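> Sharing a structure, written as structure tokens. Questions coming.
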Amino acid sequence: MAILPILRYPDPRLRQPCRAVETFDARLAQLADDLAATMRAAPGIGITAAHVGILERLTVIELDGPASLRVYVNPHVEWFSPERQRHAEGSVSMPGVTDEVERPARIRLAYRDLSGASHTEEADSLLSVCLQHEIDQLDGIFWIDRLSRLKRERIVKKFRKLDA
């Protein structure tokens, strides 16, 4: 497993939608392994291929240690609950800053695994937040886009000071 360089905000590739994965092979499995290693080193609990400049719909999430690693290929949300929740979010591409983002409390998503098999899953709590956050990234929506203009400007200013 290799630790890949992570794009830093405001790299324009972080706002580009990712293309669907069409080939399920050893290269894809290796990329998932490399993303897991990169996420752990960052550190983070989720990362997409877009965070390392590879514009493919692949994300890995790990909420409870290495045994909990989840890999999602071509994920998309099929249903959002009407109930909402607020949770602190940040990004491996913008380390050191977080803010609360409001999102649907539960989702149902469809995705493929590394072998190409289709799955449907429901998620709530932190997993729901992480999946929505990472799927947004795959769609070219950076997490701060979910904040008000004022909060977004404050976060960017704070990050620029930290990153200087």
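> Specify the residue that is nearest to E83 (Cα to Cα); the eligible residues are those in the stretch 126-164 that are among the polar types (S, T, N, Q) and in contact (Cβ under 8 Å) with a residue 12 or more places away in the chain.
S128
> Okay, moving on. For the stretch 29-102, give me every one of the strands (runs of 3 or more DSSP E) that falls completely inside it and has 2 or more residues that are under 16 Å from Y9 (Cβ atoms).
Output list reads 46-48.
> Which residue pairs have Cβ atoms closer than 9 Å, lie 6 or more positions apart in sequence or on different chains, and pair a first residue in the stretch 53-76 that is closer than 19 Å to S93 by Cβ with a second residue that is of a type in the set (S, T, N, Q) and at pLDDT below 95?
As it stands, the answer is I61/S68; E62/S68, since those pairs meet every condition given.
> Of the residues in the stretch 1-36, how many are more than 24 Å from F142 (Cα to Cα) and aromatic (F, W, Y)?
Of the residues in that region, 1 qualify.
> Here is a follow-up. Consider E56 carefully, then state whether it is under 13 Å from the mean Cα position of the chain (by Cα), acidic (D, E), surrounded by 17 or more Cβ atoms within 10 Å (Cβ to Cβ) and within 25 Å of L150 (Cα to Cα).
For E56, the condition - under 13 Å from the mean Cα position of the chain (by Cα), acidic (D, E), surrounded by 17 or more Cβ atoms within 10 Å (Cβ to Cβ) and within 25 Å of L150 (Cα to Cα) - is not met.
> Need the failing condition index for V73 against (1) within 30 Å of K157 (Cα to Cα); (2) surrounded by 17 or more Cβ atoms within 10 Å (Cβ to Cβ), just the number.
Exception for V73: condition (1).
> If I ask for residues that are surrounded by 14 or more Cβ atoms within 10 Å (Cβ to Cβ), of a type in the set (S, T, Y) and in contact with an Asp or Glu (Cβ under 8 Å, 6 or more places away or on another chain), which ones from the stretch 107-156 would you list?
Correct list: Y111 only.
> Could you please tell me which pairs satisfy a Cβ distance under 9 Å, a separation of 6+ or placement on different chains, a first residue in the stretch 78-96 that is among the aliphatic types (A, V, I, L, M), and a second residue that is surrounded by 15 or more Cβ atoms within 10 Å (Cβ to Cβ) and part of a strand (DSSP E or B)?
A88/D99; A88/V101; V92/G46; V92/I47
The values are calculated or read from the model by the stated rules, or taken from the named source; none is laboratory data. Quantities reported herein were computed from a predicted structural model and do not represent experimental measurements. Using ideal geometry, Cβ is built from the backbone for each residue, glycine included, and neighbour counts are taken over all protein chains shown.
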